[in-house]
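Written out below as structure tokens is the structure these notes cover.
Only the coordinates and a few stated rules stand behind these numbers; no lab work does. As the structure is a prediction and not an experimental result, all values here were calculated from the model. Note that each Cβ is placed from the backbone with ideal geometry, even for glycine, and that neighbours are counted across all protein chains shown.
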Amino acid sequence: MKNLVFKSEEHVVNISFLGKTSELSALIPNNKKYCVVLDKKISNFHKSFVDELQSRNFSIFTIDSPEKQKNINTCLDVINFMQKDGFNRNDAVIGIGGGAVTDLAGFIASSYMRGITYIQIPTSLLAQVDASVGGKTGVNHGNIKNFIGSFYNPSEILICTEFLNSLNEQEFLNGFSEVLKHGLITSQTTLSKIKSLAHKILDRDTDVLLELIEESIDIKSQIVKEDFREKGKRKFLNFGHTFAHGIESVNHDVPILHGHAVLIGMLMALDYSKELGFLGDDSYRNAKESIGEFDYDFTDIELNAEEIFEAMKSDKKNTKAINLILLKEIGQPFVFEETSNSNLKDFITKFINDFKK
Ligand SMILES: NC(=O)c1ccc[n+]([C@@H]2O[C@H](COP(=O)([O-])OP(=O)(O)OC[C@H]3O[C@@H](n4cnc5c(N)ncnc54)[C@H](O)[C@@H]3O)[C@@H](O)[C@H]2O)c1
């Protein structure tokens, strides 16, 4: 028997950080034909930027309802649009929008003629600090999120903080959970910085945001680089997420902001880390104080301990034990396999009884 081994080259992704949308167009070279998959809200809120793309004769496919249209039918619509317009393998797709649009556009780029150049311009904070990095693309299918997808990296990521000015406070905080998470799983220094800069962050100070977004992307890309296919370290990025998925399933009928569920999930993970004796009092207090600087609105989130626990148990990844990412220290995450259903259930019940929305 003979084994064939194909070693793929490392893919280089260039990331640019900008404060003004007027600086973006100059970073898109003139040597290709572009199909822009565009979030409609960007046309509404950032008209001069979209006018600039139109003036360069880019073909634009507008997405009105991103998460609803993140499906295979929209992919086929865009692919038909590109095929009719004569796009070939030397051309490119640009995804401009929140994570739903950039995931969709990335998947189209990965499958059109077996993969063409993809440029990503994420416009929500969540898309900038989380969805932009790691090469996951995809669409929802049959009520299951991201069921169809691929790993495909963009060649360029253009991050511009001016887009963030049109997010309302809760949409902004939705993405900020991931910045907090990156701090909690990597270093006390990052977390302290976030705490001391909280006012400037909430005022959307360009320089502060650029610094924090860049740091957050560095943290995620370093982890992803070491574990692209999520066999080890990348699991730490799920800090707070096992609890959050439970919360999201309970709120399935009236979907809530993912980042808000993650924030509650991280508070639960911090409490559980402390309760089990892994996380010391000072670190616990520091983490809670840093998070407390940000005014998350949880009023619409339903929290039912029994249902959250059942949803966590039925998660496909939790076969024998429930896997939780906990902290030994700020910046020291580890996988904890909880085999005692009753301990976990009691903890969730107590947490929710004490939780102040
Ligand atoms: N690929 C990954 O690794 C990854 C990681 C996390 C999340 N995701 C995906 O990302 C999506 C969530 O991302 P999201 O929170 O950006 O959601 P989203 O794309 O649905 O955007 C949220 C809302 O913000 C609007 N919006 C986007 N940019 C805006 C701006 N600058 N100003 C005003 N409104 C704006 C959108 O139109 C939408 O109404 C989910 O589909 C999720 O599966 C992917």
In nm, to one decimal, how far is the residue 313 label point from the residue 147 one, both placed 7 Å along Cα→Cβ?
-> 2.5 nm
Once Lys and Arg get +1 and Asp and Glu get -1 on their Cβ, which of 121, 152, 102 lies farthest toward the positive end of the dipole of the chain?
-> 152
To the nearest 0.05, what FRET efficiency results for residue 81 and residue 218 with a Förster distance of 35 Å applied to their C-beta separation?
-> 0.45
Restricting the count to DSSP beta bridges whose residues both fall in the range 14-165, what percent are antiparallel, rounded to a multiple of 5?
-> 15 percent
The long-range amide H neighbours of residue 132, using H built 1.01 Å from N in the peptide plane and a cut-off of under 5 Å, are none
Once the Cβ-Cβ distance between residue 113 and residue 62 is put in as r, and R0 is 30 Å, what FRET efficiency do you end up with, to the nearest 0.05?
-> 0.85
State the answer as a single residue: which of 59, 48, 202 lies farthest towards the positive end of the charge dipole of the chain, with beta carbon charges of +1 for Lys and Arg and -1 for Asp and Glu, about the Cα centre.
-> 59
Work out how much length residue 165 to residue 334 would gain on full extension: take 0.36 nm times their residue separation and subtract the Cα-Cα distance, in nm to one decimal.
-> 57.3 nm
Can you list the residues, at least 5 places off or on another chain, whose amide H is less than 5 Å from the amide H of residue 141, using H built in the peptide plane?
-> 146, 147, 148
Signed unit charges on C-beta, dipole axis of the chain, positive-most listed residue 352, 322, 240 = 322
Mind giving me the FRET efficiency for residue 73 and residue 229? R0 is 25 Å, r the Cβ-Cβ distance, nearest 0.05 is fine.
-> 0.30
Per-residue HN-Hα couplings for the range 338-355 [Karplus 6.51, -1.76, 1.60; θ = phi - 60°; Hz; x = Gly/Pro] | 7, 9, 9, 4, 5, 4, 5, 5, 4, 4, 4, 4, 5, 4, 5, 4, 8, 6
Sparsely packed GluC sites (Glu not before Pro) within the range 227-300, loop by DSSP, other Cβ within 10 Å at most 16 = 230, 293
Residue 44-residue 285 pseudo-label distance in nm [points 7 Å out on the Cα-to-Cβ vector] = 4.6 nm
Dipole magnitude of the range 1-113 about its Cα centre (Cβ charges: Lys, Arg +1; Asp, Glu -1), debye to nearest 20 = 180 debye
Just how far, in whole angstrom, is the range 121-135 from the range 30-71 if you go by their alpha carbon centroids?
-> 17 Å
How far apart, in nm, are two points set 7 Å out from the Cα along the Cα-to-Cβ line at residue 23 and at residue 207?
-> 1.3 nm
What helix-only [θ] at 222 nm does the chain give? Using -39500 (n - 2.57) per DSSP H run of at least 4, over all residues, to the nearest 500, the answer is -14000 deg cm²/dmol
